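S.K.: The structure follows.
The values are calculated or read from the model by the stated rules, or taken from the named source; none is laboratory data. Keep in mind that what you see is a predicted model, and the values were worked out from it rather than measured. FYI the Cβ positions are ideal-geometry reconstructions off the backbone, even for glycines, and counts take in every protein chain you see. What goes into the accessible areas is simple: the full protein's heavy atoms, side chains included, and nothing from ligands, DNA or RNA. Shrake-Rupley method; radii C 1.70, N 1.55, O 1.52, S 1.80 Å.
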Amino acid sequence: MIYALVDKETLKQRGVSLQILLQHISTFPNIPILQYRNKGASLEEKKEDLEIIRALYDGILIINDTIELIAYADGLHLGQEDLREYSHDLKEAVKLVRQKIGTKVLGLSTHDKEEILEANALDLDYIGLGAYRATNTKSEAHVGGETLLDAATYSKHPVGIIGGVRMDDSFEAPIVYKVIGSGLYNGLM
């Protein structure tokens, strides 16, 4: 299954509106989850974008980092550093996040076997694991390649593999989601 990663900065760089990308995404089969990531915008801009997404996409809508807007989404995805802002005790951090989001979907970024094993003890719905391949979207990401496929087998949570993942890639459980960002634009221009 495809986990669509809609990054506002990528939209701007490519000169594509959110509406056009969402219409394009609607032509893809099997995209049950979409994550909206916007690191640089105001809460109001993010809220407006979430409302546009909600109007044009009927799957599970995840917001990246911005817990303040959880009312407009079905779930929250946090990076390792973002989760640790709640507490350095990861179980306590997840407990604090759960108090704010309730039973909504919660995902956490992981990068290696050690972080996966830590995540196994947490009340999460899935983990993101990457970067699988080099990507232009996150140039600072450490590329794990085949090592990540082995690390994924240690996860008790469903895994979304991210970073240079292509539509035609195929993975085995527990990798459930192919997280596609830049690949969503193929055929659009």
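S.K.: Return a yes/no flag: does region 108-115 have any residue that is of a type in the set (Asp, Glu), open to solvent by 70 Å² or more (accessible area, probe 1.4 Å), part of a loop (DSSP other than H, G, I, E, B) and over 29 Å from Ile20 (Cβ atoms).
M.R.: no
S.K.: Continuing with this model, one more query. Given the structure, is Ile70 closer than 19 Å to Leu108 by Cα and part of a helix (DSSP H, G or I)?
M.R.: Yes, satisfied.
S.K.: While we're looking at this one, here's another question. Only one of Ala134, Ala119 is without any contact (Cβ under 8 Å) to a residue 40 or more places away in the chain and open to solvent by 10 Å² or more (accessible area, probe 1.4 Å). Can you tell me which?
M.R.: Only one candidate passes the filter, namely Ala134.
S.K.: Would you mind stating whether Ser42 is among the hydroxyl-bearing types (Ser, Thr, Tyr), modelled with pLDDT under 95 and either open to solvent by 40 Å² or more (accessible area, probe 1.4 Å) or touching a Gly at 6+ places or on another chain (Cβ under 9 Å) (or both)?
M.R.: no
S.K.: Being of a type in the set (Lys, Arg), surrounded by fewer than 17 Cβ atoms within 10 Å (Cβ to Cβ) and either at pLDDT below 95 or closer than 23 Å to Ile60 by Cβ (or both) is the filter here; which residues of region 79-107 pass it?
M.R.: Of all residues in region 79-107, those of a type in the set (Lys, Arg) come to 84, 91, 95, 98, 100, 104.
From the residues that got through so far, the ones that are surrounded by fewer than 17 Cβ atoms within 10 Å (Cβ to Cβ) too are 84, 91, 95, 98, 100.
Matches in region 79-107: Lys95, Arg98, Lys100.
S.K.: Collect the residues in region 130-155 that are farther than 17 Å from Val176 by Cα, of a type in the set (A, V, I, L, M, F, W, C) and modelled with pLDDT of 80 or more, keeping them in residue-number order.
M.R.: Ala134
S.K.: For Lys104, are the conditions met, namely being touching a helix residue (DSSP H, G or I) at 6+ places or on another chain (Cβ under 6 Å) and of a type outside the set (A, V, I, L, M)?
M.R.: Spelling it out, it is not the case that Lys104 is touching a helix residue (DSSP H, G or I) at 6+ places or on another chain (Cβ under 6 Å) and of a type outside the set (A, V, I, L, M).
S.K.: Take region 18-29 and flag every residue that is open to solvent by 50 Å² or more (accessible area, probe 1.4 Å) and assigned to a loop (DSSP other than H, G, I, E, B). Please lay out each step first, then the result.
M.R.: Step one: filter region 18-29 for residues open to solvent by 50 Å² or more (accessible area, probe 1.4 Å), giving 19-20, 23, 26-27, 29.
Matches in region 18-29: Ser26, Thr27, Pro29.
S.K.: Taking Pro158 as meeting all but one of (1) within 15 Å of the chain's Cα centre (by Cα); (2) buried (at least 21 other Cβ atoms within 10 Å of the Cβ); (3) not basic (Lys, Arg), write down the number of the exception.
M.R.: (2)
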